[in-house]
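*Asks:* After the structure tokens below, expect a handful of questions from me.
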Amino acid sequence: MLTLGDYIAIAILLLLVLKVYLSSTEHARFTMKSFQNLDLMQDHYREAKGKVSIHRFSALGFAILFTIGVLNFRLDFTEAWVILAALGLFFAISLYLINDLDRQFLREKTRANLEDKEWLSRLHQKDKEISKSFLVTVSITLILSGNWAFQVHKNEQQERLEVTSTLNGLSGQGWCSNFADIDVYDAGETVVKSGGWPCIYISSISGISFLNENGKEEVCFYASFNVENGSPGEESFSIEQGFEEYCQEKNEFEGWSEYLFEQLIAEDIRPDLRDLTYRLCRDFGYRMSYETYGTYCS
């Protein structure tokens, strides 16, 4: 969502582009206005019109690209290095067109003074300057945007490896409905629950995939579970049950964390734990002592 600061930034950028355009074309616009209806001055009029057109093209292009850049900062609809590449290439094209105005002037002078080697030398020098400027600008743009793209891809790959490792590390994580006792260590800072029943444990994680839709990144995966199917203390489980798909959107501040994945699965598991407790207490309650039944089933 765009903030007031974003709108102010866009407005300031557009005003700066407009100011540069007006100052760059002030003389040309005055020439157009003065010579528009004078047949004898049509060459000057066309020259001024061409200059204004090129500067208008540059101003509009930069205004659009700068606005897209600010919007992308908030909405993130494309990679930032793409915006940088577009700005750099457009700058190279604009610079080429603007410098070409001076080259056209030199060409006209050279045609009018074919014997004057000075004008021809200045034209050749201008050709070299324009070509060099264009190539240098494009090269710098490709190097900067290419390096940025490489770093982004490298960081994404590293992040995906870490997320994959985190998800695979969830195997064996479990949730239990009721507990016979709770052991406390480290002066109460760490609570370790034991004697839980019934429990559901993550058996395996598979099918990990990363998606990016409408600027939102998420990771999806499948989890299967080992589900308790015996009375307390039997440690009897149904293996590889409930093959479920989960998708977690990337958190804006902490990315993907083990805590987020655990919470995602836990929210799905808790209702199943309640149903499992009811069913197992109904099926095995007659085997339990009064104390055990009171702990787990009451």
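*Asks:* When the residues of region 206-242 are narrowed to those that are acidic (D, E) and over 21 Å from N178 (Cα atoms), which ends up surrounded by the fewest Cβ atoms within 10 Å (Cβ to Cβ)?
*Replies:* Quick first cut of region 206-242, residues acidic (D, E) only: 213, 217-218, 228, 234-235, 240.
Narrowing further to those that are over 21 Å from N178 (Cα atoms): 213, 217-218, 240.
Details: E213: 7, E217: 17, E218: 14, E240: 12.
Residue satisfying both the conditions and the ranking: E213.
*Asks:* Right, something else. Counting only residues that are among the polar types (S, T, N, Q) and touching a Leu at 6+ places or on another chain (Cβ under 8 Å), how many does region 240-279 have?
*Replies:* Our first condition is that a residue be among the polar types (S, T, N, Q); within region 240-279, this holds for 241, 248, 251, 257, 263, 277.
Restricting the remaining residues to those that are touching a Leu at 6+ places or on another chain (Cβ under 8 Å) gives 248, 251.
Residues that pass the stated criteria total 2.
*Asks:* Considering each of L120, L144, L60, L95 in turn, give the residue that is out of contact with any His (no Cβ under 6 Å at 6 or more places or on another chain), closer than 30 Å to N212 by Cα and in a helix (DSSP H, G or I).
*Replies:* Result of the check over L120, L144, L60, L95: L144.
*Asks:* Could you check region 249-266 and list, in sequence order, the residues that are polar (S, T, N, Q) and either assigned to a strand (DSSP E or B) or closer than 12 Å to Y201 by Cα (or both)? Before the answer, list the steps.
*Replies:* Pass one, region 249-266, residues polar (S, T, N, Q): 251, 257, 263.
If the condition is that a residue be polar (S, T, N, Q) and either assigned to a strand (DSSP E or B) or closer than 12 Å to Y201 by Cα (or both), then N251 is the only one that fits.
*Asks:* For region 219-278, which residues satisfy the criterion of being basic (K, R) and touching a residue at least 60 places away in the same chain (Cβ under 8 Å)?
*Replies:* Taking region 219-278 as the starting set, the residues that turn out to be basic (K, R) are 250, 270, 274.
Matches in region 219-278: R270, R274.
*Asks:* Right, next: Residues to consider are E245, E252, E262; find the one that is surrounded by fewer than 12 Cβ atoms within 10 Å (Cβ to Cβ) and at pLDDT 90 or above.
*Replies:* Values: E252 fails: at pLDDT 90 or above; E262 fails: surrounded by fewer than 12 Cβ atoms within 10 Å (Cβ to Cβ).
After ruling out the rest, the residue left standing is E245.
*Asks:* I've got another one for you. Would you be able to tell me the number of residues in region 203-243 that are over 21 Å from T277 (Cβ atoms) and not in a strand (DSSP E or B)?
*Replies:* Qualifying residue count, region 203-243: 2.
*Asks:* Right, something else. Need the failing condition index for L170 against (1) modelled with pLDDT of 90 or more; (2) under 30 Å from D275 (Cα atoms); (3) in a strand (DSSP E or B), just the number.
*Replies:* (3)
*Asks:* If you don't mind, another one. Conditions first: (1) part of a helix (DSSP H, G or I); (2) closer than 27 Å to D76 by Cβ. Y246 passes all but one, so which condition is the exception?
*Replies:* Among (1) part of a helix (DSSP H, G or I); (2) closer than 27 Å to D76 by Cβ, Y246 violates only (1).
The values are calculated or read from the model by the stated rules, or taken from the named source; none is laboratory data. Worth saying up front: this structure is predicted, and the values here are computed from it rather than measured. Methodologically, a virtual Cβ is constructed for each residue, glycine included, from the backbone with ideal geometry; neighbour enumeration extends over all protein chains shown.
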